[in-house]
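Working notes for the structure below.
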Amino acid sequence: MTSTRSKAPQKASLATLAGLFPFLKPYKRQFLLAGMALLVAACATLAVPYAFKQMIDLGFGAAGAKSAEHIDLYFIALFAVACVLAVATAARFYMVSWLGERVTADIRTAVYSHVVAQSPQFFETAQTGEVLSRLTTDTTLIQAIVGTSISMALRNVLLFVGGLAMLFVTSVKLSSIILIMLLVVVLPIVLFGRRVRKLSRDSQDRIADASALAGEILNAMPTVQAFTHEKIEANRFGSSVESAFKTAVQRIRARASLTLIAILLVFGAIVFVLWMGAHAVVQGTMTGGELGQFILYATIVAGAIGALSEVLGEAQRAAGATERLLELLAADSPVQSPAQPKPLPPRTEAGAALRLADVRFHYPSRPQTEALSNLSVAIAAGETVAIVGPSGAGKTTLFQLLLRFYDPQHGLITLDGVDIRQLDLHTLRNAIGIVPQDTIIFSANAIDNIRYGRADATDAEVIAAAKMAAAHEFIAKLPEGYQSFLGERGVRLSGGQRQRIAIARALLKNPPLLLLDEATSALDAESERLVQSALEAAMVGRTTLVIAHRLATVQRADRILVMEHGHVVETGTHASLVAQGGLYASLAALQFSQD
């Protein structure tokens, strides 16, 4: 996936915006209502200069009581036009703002739903921060284009066409002159406006850099303080903020210059046309009302051109954002549920039978290095199998293939005799409980963290699972018990407590196949004893695979598989493997000598 910044949004083709059509299509009625309000508002705006002309020529041109009557009449008419304009503009604003929010919400939901269904292969190359940026920053740009810019573009096109037509109706000579003047005035403003937009983007990038730096350091404060880098990091952040400030000053200076140029050129053009119009009034070739009407229409046309140039810039940025979001939506996970999935056989009291036949696998990002090579293993229902070996032997990879986070390039994996590629992904993963090495605790309370194992579990079932995992006692001592908020990433818990929450989560799921990846690695001796006895009870009636570097936790396994370089190099019980004097014996000797 390309970086958000590496692909300049302003370069994207406006045709990319057509990709938003499926998200806009369900809201035809709302777009029709917004269009009607837009048309009425534009017509009311174009009627204002004509009303002014009538008021000036007929109201002030009459005499005596008749003059007063005309003034009253035309002021009432002018106010009526303003009322129509106000109602239509408010209706247009509500409808297009609603559409912007609705479509943006739909896009965010669609993109997020698509991303969370991707396999881990997707996240090997995608950065989480990049995905979040697309969900927030890019969708905000699309919200602006749908909720504001489309409406503004249509409104200003109508005002430009209508205003230009009325200019020629009022005075062909002055209209020809004003067109030339508009080109002279607007071109410098548009060109300079592009520089301002570029500086605005640069300013936002510098602010984002400072925010990213601050987020990284705040998440690593214990390390920063342990190495006494507080002052160094404060200086780094200060430099980043200063860079953002300098860029912002450039943007402010450019914006101020743009304002100066725009006011001078626009008012210079208006004064010049007024001067010519005044001479026409003096010469009797134009009335005062017509001159006023002409100036107002000229102002409307000039404003429409300026607004359209701004909208074009926003549309180009939104096209870039749309391109990146559509790129996310186009990403297909290589791991998919089959079109016609097979069911698993009814669960037996013993658990699930597992078989791997000649499995070969390499990670997509490392095609030259096989993580598993010609791996064949048969595990009977209800059997507890320990998997040991040095780091990089392929133990965790094996678990990832069982969960079908990846598919092997060769070979077969079956669960209760069914090829796991023929199972629905949810069916397969609901049959497997896992306690990962890196425990994930969500920003929620204790009961919801455990209930993550099975969303429909009752409170009593959650508490029962916590007791089995030796987690009930410490949870009960928390300030609000099971309702206690555990903090972001479980910062209020110790490593052992977090791991027991994860074990409780897996036990609540009550799967026929249980995968334990270093399930007791973060526990002290007392907690390990409690959890080990709980796990032994939980293993009854299910098949269990245990990854452990601490060999003391696998001695009671029915069988031990010793892996090295993606192969099973030894298999047997603890006693038989020690007697063989191979890799397991050396690992055991090293482990026990350290203990």
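The values are calculated or read from the model by the stated rules, or taken from the named source; none is laboratory data. Computed from a predicted structure; not experimentally measured. Cβ coordinates were reconstructed from backbone atoms using ideal geometry, including for glycine residues, and neighbour counts include every protein chain displayed.
Things to note:
- Any hit, region 261-284, residues being of a type in the set (Phe, Trp, Tyr), assigned to a helix (DSSP H, G or I) and within 34 Å of the chain's Cα centre (by Cα): no
- Here residue 161 meets the list (1) modelled with pLDDT of 75 or more; (2) within 37 Å of the chain's Cα centre (by Cα); (3) hydrophobic (A, V, I, L, M, F, W, C) almost entirely, failing just condition (2).
- Residue 302 being outside the structural domain of residue 140 (by TED's automatic domain parsing) and either within 18 Å of residue 166 (Cβ to Cβ) or in contact with a strand residue (DSSP E or B) (Cβ under 6 Å, 6 or more places away or on another chain) (or both): yes
To keep it simple, each residue is scored yes or no on (1) crowded, with 21+ Cβ neighbours inside 10 Å; (2) over 30 Å from residue 346 (Cβ atoms).
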{"position": "369", "(1), (2)": "no, yes"}
{"position": "403", "(1), (2)": "no, no"}
{"position": "430", "(1), (2)": "no, no"}
{"position": "449", "(1), (2)": "yes, yes"}
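- Assessment of region 234-247 against the conditions (in a helix (DSSP H, G or I) and more than 32 Å from the chain's Cα centre (by Cα)) yields no matching residue.
- Some residue of region 404-412 being outside any loop (DSSP other than H, G, I, E, B), closer than 21 Å to residue 342 by Cβ and under 29 Å from the mean Cα position of the chain (by Cα): no
- Single condition residue 521 does not satisfy, out of (1) on the phi < 0 side of the Ramachandran plot; (2) modelled with pLDDT of 75 or more; (3) not in a helix (DSSP H, G or I): (2)
- Among the residues of region 78-101, those identified as in contact with a helix residue (DSSP H, G or I) (Cβ under 6 Å, 6 or more places away or on another chain) and more than 14 Å from residue 149 (Cα to Cα) are 78, 81, 84, 85, 88, 89, 91.
- The condition (being in contact (Cβ under 8 Å) with a residue 40 or more places away in the chain and buried (at least 18 other Cβ atoms within 10 Å of the Cβ)) is satisfied by just one residue among 305, 261: 305.
- Of everything in region 100-114 that is in contact (Cβ under 8 Å) with a residue 60 or more places away in the chain and of a type in the set (D, E, K, R), the residue that is farthest from residue 152 (Cα to Cα) is 106.
- Sole residue being without any contact (Cβ under 8 Å) to a residue 60 or more places away in the chain and under 30 Å from residue 188 (Cα atoms), chosen from 330, 315, 244: 244
- From the options 322, 414, residue that is touching a Leu at 6+ places or on another chain (Cβ under 8 Å), among the polar types (S, T, N, Q), crowded, with 17+ Cβ neighbours inside 10 Å and modelled with pLDDT of 80 or more: 414
- Residues that are free of Cβ contacts under 8 Å to residues at least 60 places away in the same chain, under 30 Å from residue 119 (Cα atoms) and crowded, with 16+ Cβ neighbours inside 10 Å are absent from region 467-483 altogether.
- A search for C-beta distances below 7 Å between a residue of region 389-403 that is at positive phi and any residue that is not small (Gly, Ala, Ser), counting only pairs 6+ apart in sequence or on different chains, returns 389/395; 389/562; 389/563; 389/564; 394/372; 394/563.
- For region 382-396, the criterion of a residue being under 14 Å from residue 513 (Cβ atoms) and of a type in the set (A, V, I, L, M) is satisfied by at least one position.
- The lone criterion from (1) over 35 Å from the mean Cα position of the chain (by Cα); (2) loosely packed, with under 14 Cβ neighbours inside 10 Å; (3) touching a residue at least 60 places away in the same chain (Cβ under 8 Å) left unmet by residue 352 is number (2).
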